[in-house]
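Student: My questions all concern the structure below.
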Amino acid sequence: MSIAIIVHGGAWAIPDDQVEEHRAGCRAARDAGWQILANGGSAMDAVEAAVRILEDAPIFDAGVGSVLNRSGYVELDAAIMDGDNLYYGSVAGVRRIRNPITLARHVLNSPAGMLVAEGAERFAKERGMAFCDPEELIVEREFKIYEQIKSTYDTSKDHASTPPPGERDAQLSAGGYPHRPGDTVGCVAVDSNGWIVAGTSTGGTGYKMVGRVGDAPILGGGLYAMNELGGCSTTGWGESIMRVLLAKTAVDNLHDDIHPQDAATKAIEHLANRAKGIAGCILADRHGRVGWAFNTPRMAHAWRTADGQDGAGV
Ligand code: GLY
């Protein structure tokens with residue numbers, strides 16, 4: 001079997017002065033995951049290791065450095081899916097866990113599929129995970145953005161009629177508030193046994209409502225994996241991603257051994273046409289081929305495959 005790994009560090013209008021840090025973070029995550037795969041390790045270990053690196057890098061909206069919600073604190077979501085038995089572990093709204101992807105993996109090995117907020121943290125304690133101070137997740141860059149949005153935010157807009165699908169995404173992408181989109185991170189890996197795993201982790205969207213959960217921890221929305229086809233992790237505006245179950249759509253597009261590049265492009269076109277959504281996705285298939293697509297100005301990503309191809313782009 002051909003091993004492969006692909007990671008992303010978010011799809012949005014990544015500013016010029018953040019491009020190199022995004023690229024470096026994706027490369028580091030890819031390299032850590034690849035090392036595990038190349039040494040015969042599992043796709044599960046590779047995805048967890050890669051996503052932890054992205055969560056630990058303050059440039060990304062996952063783990064440390066995440067966006068703040070309307071009450072000024074970080075709420076994290078993450079999930080991991082096993083493409084062999086289709087089991088998954090998912091957590092949402094956690095506040096005191098630095099690496100929610102590891103908690104999601106613990107949930108995968110539990111009677112539950114998804115745990116939220118207090119229940120997820122209680123379970124983390126049972127599994128012996130260390131808690132952090134919620135303040136440790138906040139970086140100055142995000143605090144300043146939060147303060148700026150808060151000072152100008154017009155809550156009456158919250159009560160306006162729901163904008164047509166995509167209109168909100170378009171406003172957000174153009175810089176309307178909340179102007180800091182989800183800079184979600186994710187990884188898909190294929191190991192030497194043909195085992196495919198996908199993982200996604202995020203702080204969500206900037207100035208999100210307290211308790212708001214996006215696509216990242218939702219199976220089929222933020223991630224999907226099945227060994228017969230491949231795996232996918234998505235990034236972008238969660239509300240529209242969920243309308244078309246973007247990750248499942250992209251994986252289904254791999255039927256008849258369609259190349260992941262074509263499958264990813266088709267999935268993003270479907271999102272744009274059907275839900276007027278704005279997002280990106282990464283894919284790896286059962287042959288160890290990778291592909292990605294996005295309709296945002298930029299998407300941070302990096303990949304490596306067994307035939308010697310690799311790269312990193314923003
Ligand atoms: N894609 C991450 C989110 O919308 O929360």
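Student: I'd like to know if the stretch 202-210 contains one or more residues that are away from the ligand (no atom under 14 Å from the Cβ) and closer than 22 Å to Met44 by Cβ.
Tutor: no
Student: Is it fair to say Gly220 is within 16 Å of the ligand (Cβ to nearest atom) and more than 19 Å from Arg298 (Cα to Cα)?
Tutor: Considered against the rule, which asks whether it is within 16 Å of the ligand (Cβ to nearest atom) and more than 19 Å from Arg298 (Cα to Cα), Gly220 comes out as yes.
Student: Considering only residues that are within 16 Å of the ligand (Cβ to nearest atom) and closer than 17 Å to Ala4 by Cβ, which ones fall in the stretch 248-263?
Tutor: Answer for the stretch 248-263, where residues must be within 16 Å of the ligand (Cβ to nearest atom) and closer than 17 Å to Ala4 by Cβ: just Ala250.
Student: To continue, here is another question. Quick test for you: out of Arg70, Arg52, pick the one residue that is assigned to a helix (DSSP H, G or I), of a type in the set (Lys, Arg) and within 23 Å of Ala120 (Cβ to Cβ).
Tutor: None of the other options fit; the residue is Arg52.
Student: Taking the stretch 265-282, which residues are closer than 19 Å to Cys187 by Cα and either more than 16 Å from the ligand (Cβ to nearest atom) or surrounded by fewer than 24 Cβ atoms within 10 Å (Cβ to Cβ) (or both)?
Tutor: Thr265 - this is the single residue of the stretch 265-282 that is closer than 19 Å to Cys187 by Cα and either more than 16 Å from the ligand (Cβ to nearest atom) or surrounded by fewer than 24 Cβ atoms within 10 Å (Cβ to Cβ) (or both).
Student: Now, a different point. Please go through the stretch 223-243 and give me each residue that is of a type outside the set (Gly, Ala, Ser), in contact with a His (Cβ under 9 Å, 6 or more places away or on another chain) and within 13 Å of the ligand (Cβ to nearest atom), ordered by number.
Tutor: If the condition is that a residue be of a type outside the set (Gly, Ala, Ser), in contact with a His (Cβ under 9 Å, 6 or more places away or on another chain) and within 13 Å of the ligand (Cβ to nearest atom), then Thr234, Thr235 are the ones that fit.
Student: Filter the stretch 92-127 for residues that are touching an Asp or Glu at 6+ places or on another chain (Cβ under 7 Å), touching a residue at least 40 places away in the same chain (Cβ under 8 Å) and in a strand (DSSP E or B) and give the result.
Tutor: Within the stretch 92-127, Ala92, Gly93 meet the criteria.
Bear in mind these aren't lab numbers, they're just calculated from the coordinates by the rules spelled out. None of these values were measured; they are calculated from a predicted model. A quick note on method: Cβ atoms are made from the backbone with ideal geometry, for glycine too, and the neighbour counts reach across all protein chains shown.
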